[in-house]
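Input: a single structure, listed below in structure tokens.
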Amino acid sequence: MIEIKIKTNSQMASQKALIILVSVLMISFYSVFSIGPMIYAFVGSFADWNPIKDTFQFIQFNNYIHLFNNQLFWKSLKNTIYFVAVVVTGRVVLGFLIALGLNSIRKYKSMMRSLYFLPVIMPIVAVALVWKWLYDPNIGFFQMVLSAFGITNVKFLFDPDLALPSIMLMTIWKDVGYAVIIFLAGLMDVPQSIIEASEIDGANKRQQLWNIIIPTLKPTLIFVIITSIISYFQTFTQIFIMTKGGPGTSTHVLLYMIYREAFQYYRFGYASAITVCLFIVIMIVTFIQFKIMKGGEV
């Protein structure tokens, strides 16, 4: 009996040691690859930093002064906020409506769910290249369809007014499946007994939606909206593949500006200042959205 107890204590001690070791390794990994670069970027934002010339000279707030007087920064910020607002709204609204539709059907639900989720797992580079061809003004599919209705020479990605909305449409198409799956999972938590009781009391579908389903899905809505905001503020790949910020600066977003400053002009200090500003904007917008969705005051 004593031997078994000693053995059990020894096993517990080993498990605790293993848990501590894993925790230390995870914290160290997170610190080295997440917190460390963030601190380094923040410090670098106050410096004239060029790794090609091997220079790192502190210049106080000069990067930020130059940034706030740069019209391209404000244009990129405006484009980014516009992109986030439209794509997040499209993803959430369409995802919710599609999830409601799929939740009401009995046959082929799994197949339909898989079809909607398929674009989500496709590589963004491949999707961007395919949609770039679809938008081609000469041989693109969309132009061929429009030509059948007598509409010609629509330059989706070459028109400053159409380029960003065109990329938004592609992004919503690719990512809406993620919201559909999350909302479907949330709809499974809606108590059917309450739905049935409301039907007995004479509640119609609209009343059930606003008074039962949406309040129940509020945590899910908050999750989808917040994660979408954080994700789309960091939009880069589709911009780089499809327009490279053009035509002009019509699709120039903050992350593309960071890329250009860092890897084309090698002004890493200036790029770090933009990164810090982007981080602050994401935190502010996320906080406001979270407070609004929670029903609290900002």
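The values are calculated or read from the model by the stated rules, or taken from the named source; none is laboratory data. Everything numeric here is computed off the predicted structure, so don't read it as measured data. Please note: Cβ atoms are built from the backbone with ideal geometry, for glycine as well, and neighbour counts cover all protein chains shown.
Select, from I212, I292, I229, the only residue that is surrounded by 13 or more Cβ atoms within 10 Å (Cβ to Cβ), without any contact (Cβ under 8 Å) to a residue 12 or more places away in the chain and assigned to a helix (DSSP H, G or I). Can you show your working first?
On the way: I212 fails: without any contact (Cβ under 8 Å) to a residue 12 or more places away in the chain; I229 fails: without any contact (Cβ under 8 Å) to a residue 12 or more places away in the chain.
Answer to the check: I292.
Across the stretch 60-111, what is the number of residues that are of a type in the set (D, E, K, R) and in a helix (DSSP H, G or I)?
Looking only at that region, the number is 4.
Condition first: within 30 Å of F290 (Cβ to Cβ) and either surrounded by 11 or more Cβ atoms within 10 Å (Cβ to Cβ) or touching a Lys or Arg at 6+ places or on another chain (Cβ under 9 Å) (or both). Now tell me which residues in the stretch 191-202 satisfy that.
I194, I195, S198
Suppose the filter is modelled with pLDDT under 95 and part of a helix (DSSP H, G or I); does S114 pass it?
Numbers: modelled with pLDDT under 95: yes; part of a helix (DSSP H, G or I): yes.
Considered against the rule, which asks whether it is modelled with pLDDT under 95 and part of a helix (DSSP H, G or I), S114 comes out as yes.
Out of A197, A203, report the one residue that is assigned to a helix (DSSP H, G or I) and not aromatic (F, W, Y). Break it down stepwise before answering.
Working: A203 fails: assigned to a helix (DSSP H, G or I).
Going through A197, A203 in turn, just one is assigned to a helix (DSSP H, G or I) and not aromatic (F, W, Y): A197.
Quick check on this structure: which one of T227, T152, T220 is within 14 Å of the chain's Cα centre (by Cα) and of a type outside the set (D, E)? Spell out how you get there, then give the answer.
Working: T152 fails: within 14 Å of the chain's Cα centre (by Cα); T220 fails: within 14 Å of the chain's Cα centre (by Cα).
Selected residue: T227, the only one of T227, T152, T220 that is within 14 Å of the chain's Cα centre (by Cα) and of a type outside the set (D, E).
Where residues in the stretch 39-58 are more than 15 Å from A262 (Cβ to Cβ) and aliphatic (A, V, I, L, M), which of them is farthest from the chain's Cα centre (by Cα)?
V43
Using the structure shown, decide if T235 is in a helix (DSSP H, G or I) and either in contact with a Lys or Arg (Cβ under 6 Å, 6 or more places away or on another chain) or among the β-branched types (V, I, T) (or both). Steps first, answer last, please.
On the way: in a helix (DSSP H, G or I): no; either in contact with a Lys or Arg (Cβ under 6 Å, 6 or more places away or on another chain) or among the β-branched types (V, I, T) (or both): yes.
Spelling it out, it is not the case that T235 is in a helix (DSSP H, G or I) and either in contact with a Lys or Arg (Cβ under 6 Å, 6 or more places away or on another chain) or among the β-branched types (V, I, T) (or both).
Within the stretch 156-170, how many residues turn out to be outside any helix (DSSP H, G or I) and farther than 26 Å from G95 by Cβ?
At the first step, the residues of the stretch 156-170 found to be outside any helix (DSSP H, G or I) are 159-162.
When the remaining residues are screened for being farther than 26 Å from G95 by Cβ, the result is 159-161.
Of the residues in that region, 3 qualify.
Give the residue that is nearest to I226 (Cα to Cα), with candidates limited to residues of the stretch 133-179 that are modelled with pLDDT of 95 or more and among the small types (G, A, S).
Of everything passing the filter in the stretch 133-179, A179 is nearest to I226 (Cα to Cα).
Among the residues of the stretch 121-147, write down those that are crowded, with 16+ Cβ neighbours inside 10 Å, assigned to a helix (DSSP H, G or I) and in contact (Cβ under 8 Å) with a residue 24 or more places away in the chain.
Result: I124, V127, A128, W131, K132.
When you scan the stretch 238-252, how many residues do you find that are within 24 Å of F279 (Cβ to Cβ) and either polar (S, T, N, Q) or in a helix (DSSP H, G or I) (or both)?
Residues in the stretch 238-252 being within 24 Å of F279 (Cβ to Cβ) and either polar (S, T, N, Q) or in a helix (DSSP H, G or I) (or both): 5 in total.
Sort out which residues of the stretch 48-80 are touching a residue at least 12 places away in the same chain (Cβ under 8 Å) and among the aliphatic types (A, V, I, L, M), and write them in order of number.
Passing the criteria: I52, I59, L67, L72, L77.
If N153 satisfies every condition in (1) touching a residue at least 24 places away in the same chain (Cβ under 8 Å); (2) outside any helix (DSSP H, G or I) but one, which is the exception?
Of (1) touching a residue at least 24 places away in the same chain (Cβ under 8 Å); (2) outside any helix (DSSP H, G or I), only one is false for N153: (1).
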